[in-house]
Amino acid sequence: MSNEHYLIVSYFVVGFVSLCLGLAAYSVLRRPFAAIAEAAGGLRGAVLKRTLALSLALAAVLGFLSVSYLDCNKGYDEIVKDRSYMNQINREQLQQAGNWIAFAVLAWGFIVVILLAVWRRKKQQEGSLE
Amino acid sequence: MGPHGFAVLASFVIAVLLLILVDRLLRPGLCGLLEDVTGLPPATEFYLRTFLLVIVLVVLATVLGAQHADLKDGAHFMEYVWSVATGLQDMFQNLMIVLLVYAALITVLMASLRRKP
């Protein structure tokens, strides 16, 4: 495989792997999050679930896109010649995707605090009505 | 496998051991605390999964991103140690930041869900 082919294939493979990483994170959190969203938001829980999926996928893609091949003042020809530079950039793209997903997951942790507070208030109101 | 591969493999093994240690140390206490504070089993599960996911992602991302550019063919043993140590410094730094943010998250959770007498 020529270096140019390697550059093209590795770029899209790493992009796809980053997206899969985001979706894998979503699948880990999906079930408990759905139960919380349903308890707190009722029918609106489905919207929150979709938002979680979208935000984790976007975070992964954002991390991938945040690393550019052209940052080190290298031209296209120099990049194509240097396969170790391509590997380094691929690893950095995966690293950033992982970091952004972790950041998004922590942010969702704070949102779940709000959902739990809503659920607690709802439960207290139901208790006082009974 | 080149010198870079050895350094990445060594960092990966240390990262996995570190993850197991952190998880074993913190999970039982965290589980009890979350069950007590939230009173909703899916919420406990969500926060435990969040914890594991975040530390795994941050630590493995750091292992992937470590450059080990200083290692050349025929490098001495201590050069490997120094290169891995440089990678570990970033790993510990990121792990510490994540644990602090997670501690802040749990504190907010406790403050907002505390039961009124």
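Annotations
- Gain upon complete extension [A:Met1, A:Lys74; 0.36 nm per residue less C-alpha separation]: 24.1 nm
- Reducing region A:11-67 and region B:45-117 to their Cα centroids gives an inter-centroid distance of 21 Å.
- Approximate spin-label separation A:Ile114-B:Ala69, in nm, with each point projected 7 Å along Cα-to-Cβ: 4.1
- Segment B:Phe12..B:Cys31, full-extension length gain: 4.1 nm, with 0.36 nm per residue of separation and the alpha-carbon distance subtracted.
- Estimated inter-spin distance, B:Glu79 and A:Leu23, nm [label 7 Å along Cα→Cβ]: 4.3
- Equivalent ellipsoid semi-axes - Cα gyration tensor, region B:1-101, angstrom: 35, 10, 10
- Cβ-placed point charges (K, R +1; D, E -1), dipole of the protein assembly as shown about Cα centre in debye, nearest 20: 1220
- Estimated inter-spin distance, B:Leu52 and B:Ser112, nm [label 7 Å along Cα→Cβ]: 2.5
- Computed [θ] at 222 nm, deg cm²/dmol, chain A (DSSP H ≥ 4; -39,500 (n - 2.57); rounded to nearest 500): -31000 deg cm²/dmol
- Förster radius 30 Å - calculated FRET efficiency between B:Asp23 and A:Lys122, Cβ distance, rounded to 0.05: 0.35
Rule-based calculations on the coordinates, nothing more; no lab input. Please read all numbers here as calculations on a predicted model, not as lab measurements. Ideal geometry is used to build each Cβ from the backbone, glycine not excepted, and the neighbour counts take in all protein chains shown.
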